[in-house]
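Down below is the structure, laid out as C-alpha coordinates.
The values are calculated or read from the model by the stated rules, or taken from the named source; none is laboratory data. Model, not experiment: these values are computed from the prediction. Don't worry about glycine lacking a Cβ; one is built from the backbone with ideal geometry, like all the others, and counts go over all protein chains shown. Quick note on the areas: whole protein, heavy atoms, side chains included, nothing else; ligands and nucleic acids left out. Shrake-Rupley method; radii C 1.70, N 1.55, O 1.52, S 1.80 Å.
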Amino acid sequence: MLILGGTREARRLAAVLVDRPGLHVTSSLAGRVRTPSLPPGEVRIGGFGGVDGLAGWLRDKAVDAVVDATHPFAARMSANAAAATARAGVALLVLRRPGWTAGPGDDWRWADTLPEAAALLPSLGERIFLTTGRQDLASFADLDLWFLVRSVDAPEPPAPQRMHVLLDRGPFTVDGERTLLREHRIDVLVTKDSGGDMTAAKLVAARELGIPVVIQSRPPLPAGVTVVPTVAAAADWVVRHP
Ligand code: NAP
(Lines give C-alpha, C1' and ligand atoms only; values in the text may rest on other atoms or scores of the structure.)
Protein backbone atom coordinates (compact mmCIF):
# COMPACT_ATOMS: atom_id res chain seq x y z
CA MET A 1 0.00 0.00 0.00
CA LEU A 2 0.97 3.61 -0.56
CA ILE A 3 0.60 6.41 2.00
CA LEU A 4 0.68 9.90 0.50
CA GLY A 5 2.27 11.81 3.34
CA GLY A 6 3.77 15.05 4.58
CA THR A 7 1.69 15.16 7.78
CA ARG A 8 1.97 13.85 11.32
CA GLU A 9 -1.06 11.61 10.68
CA ALA A 10 0.72 10.02 7.73
CA ARG A 11 3.79 9.30 9.86
CA ARG A 12 1.64 7.81 12.60
CA LEU A 13 -0.27 5.64 10.14
CA ALA A 14 3.01 4.32 8.75
CA ALA A 15 4.17 3.58 12.31
CA VAL A 16 1.00 1.62 13.06
CA LEU A 17 1.14 -0.40 9.83
CA VAL A 18 4.80 -0.89 9.09
CA ASP A 19 5.34 -4.12 11.02
CA ARG A 20 2.00 -5.70 10.18
CA PRO A 21 2.50 -9.11 8.59
CA GLY A 22 1.31 -9.33 5.02
CA LEU A 23 1.48 -5.57 4.40
CA HIS A 24 4.12 -3.74 2.41
CA VAL A 25 3.89 -0.03 3.11
CA THR A 26 5.57 2.77 1.18
CA SER A 27 5.24 6.40 2.30
CA SER A 28 5.58 9.18 -0.24
CA LEU A 29 6.76 12.76 0.37
CA ALA A 30 6.78 15.63 -2.11
CA GLY A 31 10.30 16.72 -1.15
CA ARG A 32 9.37 20.33 -0.30
CA VAL A 33 11.13 20.43 3.09
CA ARG A 34 14.93 20.26 3.21
CA THR A 35 15.09 18.05 6.30
CA PRO A 36 11.72 16.28 6.44
CA SER A 37 10.38 14.38 9.44
CA LEU A 38 10.51 10.86 8.03
CA PRO A 39 7.96 8.13 8.72
CA PRO A 40 9.22 4.69 9.71
CA GLY A 41 9.55 2.13 6.92
CA GLU A 42 10.11 2.59 3.21
CA VAL A 43 9.96 6.16 1.94
CA ARG A 44 10.07 7.60 -1.57
CA ILE A 45 10.54 11.32 -2.18
CA GLY A 46 9.46 13.51 -5.11
CA GLY A 47 6.47 13.98 -7.41
CA PHE A 48 5.11 11.12 -9.50
CA GLY A 49 4.59 13.19 -12.63
CA GLY A 50 0.89 14.00 -12.45
CA VAL A 51 -2.03 11.59 -12.80
CA ASP A 52 -0.32 9.55 -15.53
CA GLY A 53 2.82 9.17 -13.47
CA LEU A 54 0.98 8.12 -10.32
CA ALA A 55 -1.32 5.70 -12.17
CA GLY A 56 1.77 4.12 -13.78
CA TRP A 57 3.57 3.91 -10.42
CA LEU A 58 0.55 2.18 -8.83
CA ARG A 59 0.49 -0.39 -11.63
CA ASP A 60 4.26 -0.97 -11.65
CA LYS A 61 4.37 -1.52 -7.90
CA ALA A 62 1.14 -3.58 -7.88
CA VAL A 63 -0.34 -1.30 -5.22
CA ASP A 64 -3.67 -2.52 -3.77
CA ALA A 65 -4.65 0.51 -1.73
CA VAL A 66 -3.72 4.18 -1.31
CA VAL A 67 -4.26 6.33 1.77
CA ASP A 68 -4.14 10.02 0.93
CA ALA A 69 -2.89 11.44 4.23
CA THR A 70 -1.59 14.69 2.72
CA HIS A 71 -2.17 18.11 4.24
CA PRO A 72 -5.72 19.48 3.81
CA PHE A 73 -4.32 22.19 1.50
CA ALA A 74 -2.43 19.78 -0.78
CA ALA A 75 -5.36 19.93 -3.20
CA ARG A 76 -3.51 19.01 -6.36
CA MET A 77 -2.05 15.84 -4.87
CA SER A 78 -5.48 14.82 -3.55
CA ALA A 79 -7.09 15.42 -6.96
CA ASN A 80 -4.31 13.44 -8.66
CA ALA A 81 -4.69 10.59 -6.16
CA ALA A 82 -8.44 10.36 -6.82
CA ALA A 83 -7.98 10.38 -10.60
CA ALA A 84 -5.02 7.97 -10.66
CA THR A 85 -6.56 5.39 -8.31
CA ALA A 86 -9.81 5.46 -10.32
CA ARG A 87 -7.85 4.90 -13.51
CA ALA A 88 -5.67 2.13 -12.07
CA GLY A 89 -8.57 0.41 -10.28
CA VAL A 90 -6.93 0.87 -6.86
CA ALA A 91 -8.86 1.54 -3.62
CA LEU A 92 -8.46 5.02 -2.11
CA LEU A 93 -9.08 6.34 1.39
CA VAL A 94 -8.57 9.96 2.42
CA LEU A 95 -7.32 10.52 5.97
CA ARG A 96 -8.14 14.13 6.81
CA ARG A 97 -8.04 15.66 10.27
CA PRO A 98 -11.07 17.83 11.08
CA GLY A 99 -10.80 21.57 10.54
CA TRP A 100 -10.83 24.12 13.36
CA THR A 101 -14.03 25.77 14.60
CA ALA A 102 -14.30 29.11 16.35
CA GLY A 103 -15.41 29.12 20.00
CA PRO A 104 -16.54 31.81 22.42
CA GLY A 105 -14.11 34.74 22.44
CA ASP A 106 -12.67 33.98 18.99
CA ASP A 107 -12.68 36.77 16.40
CA TRP A 108 -12.21 34.88 13.12
CA ARG A 109 -12.74 36.10 9.53
CA TRP A 110 -12.89 33.36 6.89
CA ALA A 111 -11.36 33.82 3.44
CA ASP A 112 -11.64 31.39 0.53
CA THR A 113 -8.29 32.37 -0.94
CA LEU A 114 -5.08 34.02 0.24
CA PRO A 115 -5.63 37.12 -1.95
CA GLU A 116 -9.01 37.45 -0.18
CA ALA A 117 -7.24 37.07 3.18
CA ALA A 118 -4.68 39.71 2.17
CA ALA A 119 -7.44 42.16 1.20
CA LEU A 120 -8.85 41.99 4.74
CA LEU A 121 -5.58 42.89 6.48
CA PRO A 122 -5.20 46.69 6.04
CA SER A 123 -8.47 47.29 7.88
CA LEU A 124 -7.45 45.01 10.77
CA GLY A 125 -3.96 46.16 11.72
CA GLU A 126 -0.37 46.93 10.79
CA ARG A 127 1.64 44.05 12.28
CA ILE A 128 0.71 40.65 10.85
CA PHE A 129 1.73 37.13 11.93
CA LEU A 130 1.66 35.01 8.77
CA THR A 131 1.63 31.23 9.22
CA THR A 132 0.39 30.12 5.79
CA GLY A 133 3.68 28.59 4.66
CA ARG A 134 6.64 29.81 2.64
CA GLN A 135 5.09 28.96 -0.74
CA ASP A 136 2.19 31.35 -0.39
CA LEU A 137 3.71 34.77 0.30
CA ALA A 138 3.08 36.31 -3.13
CA SER A 139 -0.47 37.29 -2.17
CA PHE A 140 0.91 39.53 0.59
CA ALA A 141 3.90 40.96 -1.30
CA ASP A 142 2.27 44.25 -2.30
CA LEU A 143 0.88 45.16 1.10
CA ASP A 144 2.56 48.01 2.99
CA LEU A 145 2.31 46.22 6.35
CA TRP A 146 4.88 44.55 8.64
CA PHE A 147 4.95 40.73 8.64
CA LEU A 148 6.26 38.09 11.00
CA VAL A 149 6.53 35.03 8.75
CA ARG A 150 6.98 31.60 10.30
CA SER A 151 7.90 28.68 8.06
CA VAL A 152 9.95 25.48 8.11
CA ASP A 153 12.33 26.59 5.33
CA ALA A 154 13.16 30.13 4.23
CA PRO A 155 10.58 31.78 1.97
CA GLU A 156 11.42 32.74 -1.58
CA PRO A 157 10.37 35.92 -3.39
CA PRO A 158 7.91 37.43 -4.13
CA ALA A 159 7.44 38.27 -0.44
CA PRO A 160 6.50 41.36 1.58
CA GLN A 161 9.11 44.14 1.75
CA ARG A 162 8.89 44.52 5.51
CA MET A 163 9.17 41.04 6.95
CA HIS A 164 10.90 39.15 9.75
CA VAL A 165 11.32 35.41 9.12
CA LEU A 166 11.19 32.85 11.89
CA LEU A 167 12.32 29.35 10.86
CA ASP A 168 10.52 26.86 13.06
CA ARG A 169 8.19 23.87 12.91
CA GLY A 170 5.48 22.67 15.30
CA PRO A 171 4.33 21.52 17.71
CA PHE A 172 3.97 24.92 19.38
CA THR A 173 2.76 25.75 22.91
CA VAL A 174 0.24 28.36 24.04
CA ASP A 175 2.90 29.97 26.27
CA GLY A 176 5.33 30.21 23.37
CA GLU A 177 2.71 31.59 21.00
CA ARG A 178 1.49 34.16 23.55
CA THR A 179 5.06 35.38 24.04
CA LEU A 180 5.61 35.61 20.30
CA LEU A 181 2.40 37.58 19.71
CA ARG A 182 3.26 39.98 22.54
CA GLU A 183 6.96 40.43 21.69
CA HIS A 184 6.19 41.29 18.09
CA ARG A 185 3.13 43.40 19.02
CA ILE A 186 1.01 41.41 16.54
CA ASP A 187 -2.34 42.91 15.47
CA VAL A 188 -3.62 40.07 13.26
CA LEU A 189 -2.91 36.35 12.82
CA VAL A 190 -3.26 34.76 9.37
CA THR A 191 -3.55 30.98 9.08
CA LYS A 192 -4.90 28.19 6.93
CA ASP A 193 -7.59 25.95 8.42
CA SER A 194 -5.03 23.18 8.84
CA GLY A 195 -6.76 21.64 11.86
CA GLY A 196 -5.07 19.34 14.38
CA ASP A 197 -3.32 20.17 17.63
CA MET A 198 0.27 20.66 16.36
CA THR A 199 -0.35 24.30 15.42
CA ALA A 200 -3.60 25.16 17.25
CA ALA A 201 -1.86 26.94 20.16
CA LYS A 202 -1.62 30.19 18.15
CA LEU A 203 -5.43 30.30 17.98
CA VAL A 204 -5.72 29.95 21.76
CA ALA A 205 -3.11 32.68 22.30
CA ALA A 206 -4.86 34.98 19.79
CA ARG A 207 -8.18 34.46 21.61
CA GLU A 208 -6.60 35.25 24.98
CA LEU A 209 -5.02 38.45 23.67
CA GLY A 210 -8.12 39.53 21.68
CA ILE A 211 -6.26 39.34 18.36
CA PRO A 212 -8.37 38.83 15.21
CA VAL A 213 -7.62 35.80 13.03
CA VAL A 214 -7.94 35.64 9.26
CA ILE A 215 -8.37 31.98 8.37
CA GLN A 216 -8.28 30.43 4.90
CA SER A 217 -11.02 27.87 4.22
CA ARG A 218 -10.01 24.43 3.03
CA PRO A 219 -10.19 23.54 -0.64
CA PRO A 220 -12.91 20.96 -1.40
CA LEU A 221 -12.04 17.27 -1.55
CA PRO A 222 -12.37 15.42 -4.85
CA ALA A 223 -15.94 14.19 -5.41
CA GLY A 224 -16.92 10.75 -4.19
CA VAL A 225 -13.90 9.92 -2.03
CA THR A 226 -14.23 8.08 1.30
CA VAL A 227 -12.86 10.19 4.15
CA VAL A 228 -11.94 9.27 7.74
CA PRO A 229 -10.76 11.72 10.43
CA THR A 230 -8.35 9.62 12.49
CA VAL A 231 -5.27 7.44 12.12
CA ALA A 232 -7.08 4.61 13.94
CA ALA A 233 -9.95 4.65 11.44
CA ALA A 234 -7.52 4.68 8.51
CA ALA A 235 -5.52 1.77 9.96
CA ASP A 236 -8.75 -0.14 10.44
CA TRP A 237 -9.73 0.46 6.80
CA VAL A 238 -6.32 -0.77 5.60
CA VAL A 239 -6.42 -3.91 7.72
CA ARG A 240 -9.97 -4.77 6.62
CA HIS A 241 -9.22 -4.05 3.00
CA PRO A 242 -9.23 -7.27 0.96
P1 NAP B 1 0.10 20.04 -3.95
O2 NAP B 1 0.14 21.47 -4.38
O3 NAP B 1 -1.22 19.42 -3.74
O4 NAP B 1 0.87 19.11 -4.99
C5 NAP B 1 1.72 19.60 -5.99
C6 NAP B 1 2.53 18.46 -6.52
O7 NAP B 1 3.49 18.03 -5.55
C8 NAP B 1 1.71 17.20 -6.83
O9 NAP B 1 1.08 17.30 -8.08
C10 NAP B 1 2.78 16.14 -6.76
O11 NAP B 1 3.60 16.18 -7.91
C12 NAP B 1 3.65 16.62 -5.61
N13 NAP B 1 3.25 16.04 -4.32
C14 NAP B 1 2.47 16.58 -3.35
N15 NAP B 1 2.37 15.78 -2.29
C16 NAP B 1 3.11 14.67 -2.60
C17 NAP B 1 3.42 13.47 -1.89
N18 NAP B 1 2.95 13.24 -0.65
N19 NAP B 1 4.20 12.55 -2.52
C20 NAP B 1 4.69 12.78 -3.76
N21 NAP B 1 4.43 13.90 -4.47
C22 NAP B 1 3.67 14.83 -3.89
O23 NAP B 1 1.01 19.84 -2.66
P24 NAP B 1 1.56 20.93 -1.61
O25 NAP B 1 0.42 21.67 -1.04
O26 NAP B 1 2.71 21.65 -2.24
O27 NAP B 1 2.13 19.95 -0.48
C28 NAP B 1 3.32 19.23 -0.69
C29 NAP B 1 3.57 18.32 0.49
O30 NAP B 1 3.66 19.08 1.69
C31 NAP B 1 2.46 17.28 0.73
O32 NAP B 1 3.09 16.08 1.07
C33 NAP B 1 1.66 17.85 1.88
O34 NAP B 1 1.09 16.81 2.67
C35 NAP B 1 2.73 18.62 2.65
N36 NAP B 1 2.24 19.81 3.36
C37 NAP B 1 1.55 20.77 2.70
C38 NAP B 1 1.10 21.88 3.39
C39 NAP B 1 0.29 22.96 2.70
O40 NAP B 1 -0.09 23.93 3.37
N41 NAP B 1 -0.02 22.84 1.43
C42 NAP B 1 1.36 22.00 4.76
C43 NAP B 1 2.08 21.00 5.42
C44 NAP B 1 2.52 19.90 4.71
P45 NAP B 1 3.34 15.22 -9.17
O46 NAP B 1 2.14 15.80 -9.87
O47 NAP B 1 4.61 15.31 -9.94
O48 NAP B 1 3.06 13.83 -8.64
How fast does the stretch 20-162 diffuse by Stokes-Einstein, in µm²/s, taking the Kirkwood radius from C-alpha pairs at 4 °C and 1.567 mPa s? 71
Using a cut-off of 14 Å between beta-carbons, work out the net charge of the residues near Arg87 (Lys and Arg +1, Asp and Glu -1, Arg87 not included). -1
Whole-Hz ³J(HN,Hα) for each residue in the stretch 29-37, computed from phi via Karplus 6.51 cos²θ - 1.76 cosθ + 1.60 with θ = phi - 60°, x for glycine and proline: what do you get? 10, 6, x, 6, 9, 5, 10, x, 6
Once Rh for the stretch 111-193 is found with the Kirkwood sum over Cα pairs, what is the Stokes-Einstein diffusion coefficient at 25 °C and 0.890 mPa s, in µm²/s? 190
Counted charge near Asp19, where neighbours are those whose Cβ lies closer than 15 Å (Asp, Glu -1; Lys, Arg +1): +2
5 Å is the cut-off here: which amide hydrogens, built 1.01 Å from N in the peptide plane, fall below it relative to Ala111, excluding neighbours closer than 5 in sequence? Ile215, Gln216, Ser217
If I fit a long axis through the Cα atoms of helix 50-60 and take the longest principal axis of the Cα atoms of the chain, what angle between them do I get, 0 to 90°, rounded to 10? 30
Per-bin percent of Cα-Cα distances, the stretch 152-234 [5 Å]: 3, 11, 17, 21, 19, 12, 8, 6, 2, 0
Which log10 I(q)/I(0) values does the stretch 1-83 give at q = 0.13, 0.16, 0.22, 0.24 Å⁻¹ under the Debye formula, counting every alpha carbon as one identical point scatterer? -0.36, -0.56, -1.08, -1.28
On a 0 to 90 degree scale, rounded to 10, what angle separates helix 75-88 from the longest Cα axis of the chain? 10
Accessible area expressed per residue, the stretch 67-159, with surrounding protein chains retained (probe 1.4 Å, Å²): 44
Most to least accessible of His71, His24 (protein chains only, probe 1.4 Å): His24, His71
Fluctuation leader among Gly125, Gly176, Gly196 - the chain, Gaussian network, Cα springs under 10 angstrom: Gly176
Carbon + sulfur, % of accessible area of the stretch 108-216 - ligands and nucleic acids excluded, 1.4 Å: 49
Lys/Arg +1, Asp/Glu -1 at C-beta; the chain dipole; positive extreme among Gly99, Ser194, Thr226: Thr226
Of Leu2, Gly125, Ser151, which is farthest along the charge dipole of the chain in the positive direction, counting Lys and Arg as +1 and Asp and Glu as -1 at C-beta? Leu2
Roughly how many Å is it from the Cα centre of the stretch 1-65 to that of the stretch 83-155, as a whole number? 25
What is the Cα radius of gyration of the chain over 2.2 N^0.38 Å, N being its residue count? 1.08
Taking H as built 1.01 Å from N, whose amide H comes closer than 5 Å to the amide H of Ser27, not counting residues under 5 places away? Ile3, Glu42, Val43, Arg44
Sorted peptide list for 222-229, 54-61, criterion being average Cβ within 10 angstrom, highest first: 54-61, 222-229
